[in-house]
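Quick note: the coordinates plus some simple rules give every number you see, no bench work behind them. Note that the coordinates shown come from a computational prediction; the quantities given were computed from them, not determined experimentally. FYI the Cβ positions are ideal-geometry reconstructions off the backbone, even for glycines, and counts take in every protein chain you see.
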Amino acid sequence: MEKTADIVNAVKEAGVTGAGGAGFPTHVKLQAQAEYVLANGAECEPLTHVDKQLMIHHAAEVVAGMRLAMQATGAKQGIFGIKGKYKHVIAAVQEAIGDQDDITISELGNFYPAGDEQVMVYDILGRIVPEGGIPIDVGCVVQNIETLYNIQAAVEGKPLTHKYITVIGAVAQPMSVRVPIGITIREVLDLAGSVTTPDPVILDGGAMMGKVVTDFSQATTKRSKMLLVLPYDHQLSVKRRTPRTIIDKHALAACDQCYYCTDYCPRHAQGHAIEPHKLILLLASGVPLTDAQMAGAMLCCECRTCNYACPVHLLPGDVALQIKRDLVKAGLKNPYHRQTEANPYRDYRRVPMTRLVNRLGLIKYDVLAPLTAVNPQPARVTLKLSQHIGAPAQPIVAAGDKVKVGDMVGKIPEGALGAPIHASIDGTVQTITDQEIIIEAN
């Protein structure tokens with residue numbers, strides 16, 4: 001059995017971070033003392049498949065990662081949150097667990113956003129994370145499935161050099177692939193055959209929370225999870241490319257304060273002081289950012305469920321997200337830290353995934369994306385120094401240095417929150433800037 005400090009140090013040296021979202025350094029999470037470790041296997045974003053494929057094909061490694069996370073945090077119970085409809089996934093994980101009763105599976109409903117960590121904590125344990133809080137505030141550490149897989153690899157001495165990504169949408173062959181970190185989005189798309197639409201738009205991260213990408217030469221990172229390819233004129237593509245000024249004008253002109261966006265907000269349903277409809281009213285009234293009611297936007301989890309809820313197709317989620325960014329940019333802090341109670345109607349205001357996929361116009365792309373063996377041979381990789389929350393990594397190599405897969409090329413700055421980065425191909429360091437390290441293949 002590994003010692004707790006050895007697990008944490010191995011994960012730290014391997015550069016493991018959250019496999020999606022903000023990319024929080026995993027070794028920091030593992031230093032917390034928790035009652036439970038929850039494995040987020042909900043596959044929250046529509047059409048994503050990475051976690052399901054990992055649980056099917058690498059269940060033993062994922063369960064081993066869960067045990068290591070439990071040992072590091074002192075948790076006595078590990079729980080996998082998996083949607084109940086994925087019977088074959090549940091069977092694979094249960095087989096890997098065996099007859100041990102310290103790890104169990106909690107079957108989740110097929111709704112969005114089942115994978116929001118605060119929603120999952122409540123659905124599995126009945127505990128509400130306080131406003132502005134994180135799961136450890138109620139005794140839980142939540143880890144992504146791919147992160148658990150990477151924890152197991154780290155303890156075996158394998159640094160994080162590759163990433164699992166689902167490529168789906170308007171492509172010839174939807175699939176999930178394992179690729180070197182730092183290859184371009186175009187190279188990942190090429191693995192799935194040709195793009196089947198002219199002037200494609202990519203949502204990097206998915207339909208609901210992903211970011212629009214039009215430059216396919218951008219490098220993949222530790223947080224890359226899903227590339228959703230859409231036609232330029234697809235309604236979702238058009239909405240996500242709409243400038244903020246237009247989004248705000250539409251909201252101010254057409255919002256009738258029906259309250260649907262707030263009713264469906266998953267954080268409001270847990271008693272948190274965020275009300276998307278009110279943010280639009282405050283914006284229309286010229287209320288300054290410093291107003292306490294505006295600060296409710298700080299509690300936005302950026303899921304955009306409220307966009308789905310709007311009966312006139314406004315984008316209250318984007319309004320809330322932009323106000324949140326304005327508050328952060330202005331240096332304002334979240335004033336809300338209450339311990340709240342769930343709305344009694346919470347369970348009746350869930351968004352069924354099938355309805356969401358239809359509403360988003362994605363039904364034709366709702367197909368399997370199986371884990372497919374590929375062998376990309378990139379001529380170079382671009383390793384971003386900031387692939388995670390916290391300080392960028394500091395380069396520890398120089399131009400002209402020879403490196404091999406797994407060699408550390410960037411370290412955590414002294415005393416900072418961060419994660420190291422490692423070479424993902426054999427090659428020669430070509431360029432180092434304050435933002436990236438470029439390695440040319442041998």
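List of remarks:
- The percentage of C-alpha pairs in segment 15-67 whose separation is greater than 18 Å is 40%.
- Average projection, convex hull of the Cα set of segment 244-359: 7.3 square nanometres.
- Taking amide H atoms as placed 1.01 Å from N in the peptide plane, the amide H of His422 lies under 5 Å from those of Val409, each 5 or more residues away in sequence or on another chain.
- Cross-link reach is defined here as a Cα-Cα straight distance under 17 Å, omitting same-chain residues fewer than 8 places apart; for Lys3 the aspartates and glutamates meeting it are Glu13, Glu156.
- Across segment 244-359, Cα pairs under 8 Å and at least six residues apart give a relative contact order of 32 percent.
- Estimated vicinal HN-Hα couplings, Hz - segment 279-290 in sequence order (Karplus 6.51, -1.76, 1.60; Gly, Pro = x): 4, 5, 4, 5, 4, 5, 8, x, 5, x, 4, 6
- Nearest-0.05 FRET efficiency for Arg127 and Gln394, computed from C-beta distance (R0 51 Å): 0.85
- Averaging 1/r over each pair of different alpha-carbon atoms in segment 162-234 and inverting the result gives 11.8 Å, the Kirkwood hydrodynamic radius.
- Of all DSSP beta bridges in the chain, antiparallel share, percent nearest 5: 60
- Taking amide H as placed 1.01 Å from N in the peptide plane, Phe80 has its amide H under 5 Å from the amide H of Ala39, Thr104, Ile105, Ser106, each at least 5 places away in sequence or on another chain.
- Estimated vicinal HN-Hα couplings, Hz - segment 397-413 in sequence order (Karplus 6.51, -1.76, 1.60; Gly, Pro = x): 10, 10, 4, x, 5, 8, 9, 10, 3, x, 5, 6, 10, x, 10, 6, x
- Which of Arg349, Arg240 has the fewest Cβ neighbours within 10 Å, and the rest in rising order: Arg349, Arg240
- When the chain is treated as a Gaussian network with alpha carbon springs shorter than 10 Å, the biggest mean-square fluctuation among Pro392, Pro113, Pro243 belongs to Pro243.
- Between His162, Leu54, Ala284, the Cα set farthest toward the positive side of the dipole of the chain (charges on each charged residue's Cβ, about the Cα centre) is that of Ala284.
- Remark: relative contact order (the chain) = 18 percent; criterion is Cα-Cα distance under 8 angstrom and separation of 6 or more residues.
- Using R0 = 51 Å, the C-beta based FRET efficiency linking Thr433 and Ser106 works out to 0.70.
- Residue among Gln235, Gln152, Gln100 with the largest mean-square fluctuation in a Gaussian network model of the chain, springs linking Cα atoms under 10 Å: Gln100
- Measuring how big segment 332-439 is from its alpha-carbon positions, Rg and Dmax come out at 22.3, 62 Å.
- Cross-link partners for Lys364 among the lysines, with Cα-Cα distance under 24 Å and sequence neighbours closer than 8 places in the same chain left out: Lys52, Lys83, Lys85, Lys87, Lys211, Lys225, Lys239.
- For the chain, the Cys residues with no second cysteine's beta carbon closer than 4.7 Å are Cys44, Cys140, Cys255, Cys258, Cys265, Cys300, Cys301, Cys303, Cys310.
- Taken over the C-alpha atoms, segment 4-155 has Rg and Dmax values of 13.9, 38 angstrom.
- Relative frequency of Cα-Cα separations exceeding 22 Å in segment 126-197, percent: 49
- Around Pro135: net Lys/Arg minus Asp/Glu count, Cβ-Cβ under 13 Å: -3
- Between Gln257 and Tyr232, the modelled label-to-label distance comes to 4.1 nm, taking each label 7 Å out from Cα in the direction of the beta carbon.
- Hydrodynamic radius (Kirkwood) for segment 35-116, which is based on Cα pairs only, to one decimal in Å: 12.7
- Annotation: the residues Lys402, Lys29, sorted from fewest to most other C-beta atoms within 10 Å of their own C-beta, follow the order Lys402, Lys29.
- Residue among Pro46, Pro276, Pro311 with the largest mean-square fluctuation in a Gaussian network model of the chain, springs linking Cα atoms under 10 Å: Pro311
- Dividing the radius of gyration of the alpha carbons in segment 380-441 by their Kirkwood radius gives 0.95 for Rg/Rh.
- For segment 1-33 versus segment 284-321, the gap between their alpha-carbon centres in whole angstrom: 33
- Each label was represented as a point 7 Å from its Cα along the Cα-to-Cβ direction; for Lys239 and Ala441 these points are 3.9 nm apart.
- Restricting the calculation to Cα atoms, every distinct pair contributes to the Kirkwood radius of segment 181-273, found to be 15.6 Å.
- Environment charge of Asp366, counting only residues whose C-beta is closer than 14 Å and scoring Lys/Arg +1, Asp/Glu -1: +3
- Normalising the average separation of contacting C-alpha pairs (under 8 angstrom, six or more residues apart) by the number of residues puts the relative contact order of segment 78-118 at 52 percent.
- The spacing between segment 361-413 and segment 56-105, judged by their C-alpha centroids, is 27 Å.
- Residues whose placed amide H lies under 5 Å from that of Ile181, excluding near-sequence neighbours: His162, Lys163
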